[in-house]
Amino acid sequence: METDTYSEDAALIGERQTAARALLAHPLLTQGAHPAELSLVRSHAEWLAQRFQRVLGYRLDVSDAHARLVKRGLVAEVGHRFTRANGARFTPRTHTYLALILAVLVEETAPTTVRALALRVRAAAHEAGIDADPGRGLGERRAYCAALDHLVGLGALTETTGRIADHRADAGADPAVRPHTQVVRAVAAHLPQASDDPGSFLADSADTDPDSEQQGETALRRLLAETAVVYREELPDRQRDRLAAHQWRAAAALGNLLGCDVEVRAEGVALVMPDEAGARPAFPDDDPVGQVALALVRHLSGRLHPGLPATSVPVPDRELRAALDALGGAEAPARAEWARTAGPEVPDPERLHTRVTDLLTDLGLLRGGPGEWRLTAAAARYGADVDERIPPIQDNDEESRTHPAPVRGSGDDDGPPEAPADPRGDLSRVTSVLQAVANEKVSATSGDTGDQRGPGGSSG
C-alpha cells in the first residue's frame, strides 16, 4: 500500500496545532491533570518551543512531569480569575494562602499532611509579617483548603490518604498529600526579585505598545491570540496602524501555530478556534449559568440594537436586572426545571446574577460594571432575539439605544439622511484601515507564517 504523504503531513500538523492550543489554554500541563495533552506536547516539544518563541515571544519548558508555557506581556489580558469548584472567585485571602503554600512547598519533597502543612504556612506568614493562620476559624480553613484544591487541580499536589474536603468540613481531619516539587516550582512563571515592588514588577512585565516595530507586531499577535476580540478603536494609535498593516501576516502566523481561522471586520479582529481548546471559558454551556448567559446575550443584542455600527452599546442597569430576573430570578420558570435535573448546582438568584455577568465579562461580551455596563459587538455572533418574557424598560432619553433606530422609507421626504455620528473624528483612519485590509488580502499567504525570522533576524 502506498503511503499518503499529504495525509501524514496533515496529521502531523494537526497534532502540533492541537498541542499548541492546549498550551495556550492551559499554560501548565501536568501528568496528573492533563496526561494526554502533556504526551502530545512532549512529542512535538522542539517544534512548539521554536514556534511559540518566534510567533509570540513565549518560552516553553518541557520535562517528564510537566510542560510550562511562560507567557510575557498582557498581564491583565491573559490572567484568568481563579475560582472554587462552585464557581466563586478566589478572595484575596485565598490568593494569600496560595502564595504561602507555594513558598513552603517550593523546597518540599517528602509527603506531608494538611495540618502539618498548615503549621508551616502559619510560620511562613509570621515570618513575612502577614496575618494568616489556617487553624484560626472556619473562614481561614476554607480559604486554605480552596488554595490546596487548586494545586491538586493543577497536578502540583496529590491526595494520598483522605480528601482535602474532609479537613475543610472538620478541623480534626488530617488527610495526607504528596507535593510534586518540580510542578510546584513551575506554577509561578515569573518569580519577582526581592527588590521588586508589585507595581514595578507588573509594569515591567507588560508593554502593549513597544517602540520597536518587530516587538510591536509580536505584542499585537499576543493580543490577538489571548483576547476574544481586538477592537480597532480601543488600540493605541501605533498599534491600530500596525493592525491595519500586518493583520493578515499576523493571521497567517497564528493560523500556522494554532490552526485557527481569523475574522477581520471593520470593528476589529477575532480568532476562531476549531475546537473547545480555546484559551477562554467554554461558551455556550449547558449549566444554568451558561443557559442564562446565552439567553441574556441574545436578548440584549436584540433589545439594545445600536442603530449604527458600533464597538459597544450601553446597557441600562434596569434592563440588565429585568432580564436576569426574568431568565433566572426566584420566580423564573427555568429554576423549576433546573431543580428537577440531577447535575449542576443551581445558584441562588443573586449569585447567578454575579456569575453570569462575570462569565460574560471574561468572554469580552460585557464590559464595565454597575452603572457603566456595555454590550460589545461580538455579542451579535450569538444571535439577536428579544425574549418576550422580559418586560420592556421605558426610557424617555432621546439618545437611548434601547430600541432600533427608525428606518427611513423610500417615500420619506424629510431631506437627505443625516451623516452617522463620528465621535472619534477618525473616519479617514477607518477608510485607510479598510483599504489596507483590501490590499493585504491579495497577499495574505505571502507574509511571515512563523517559519521565517523577522527583520533583523530576531526571533521576536
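Read-outs: derived from the displayed coordinates by stated rules, not from any lab. Computed from a predicted model, the values in this text were never measured in an experiment. Methodologically, a virtual Cβ is constructed for each residue, glycine included, from the backbone with ideal geometry; neighbour enumeration extends over all protein chains shown.
With N the number of residues in segment 92-187, Rg(Cα) / (2.2 N^0.38 Å) evaluates to 0.95.
Using every Cα-Cα pair within segment 288-382, state what percent have a distance larger than 18 Å. Before the final figure, lay out each step's value.
Values: 1873 of 4465 pairs.
Roughly 42 percent, once rounded to a whole number.
Mind listing the long-range amide H neighbours of VAL346? Cut-off is under 5 Å, sequence gap 5 or more, other chains count too, H placed in the peptide plane at 1.01 Å from N. Sorted by chain and number, the residues that satisfy this come to none at all. Between the beta carbons of ARG42 and ALA165, assuming R0 = 35 Å, the FRET efficiency works out to 0.60 to the nearest 0.05. Counting pairwise Cα distances across segment 14-78, what percent come out greater than 19 angstrom? Taking all Cα-Cα pairs of segment 14-78, the fraction more than 19 Å apart is 22 percent.
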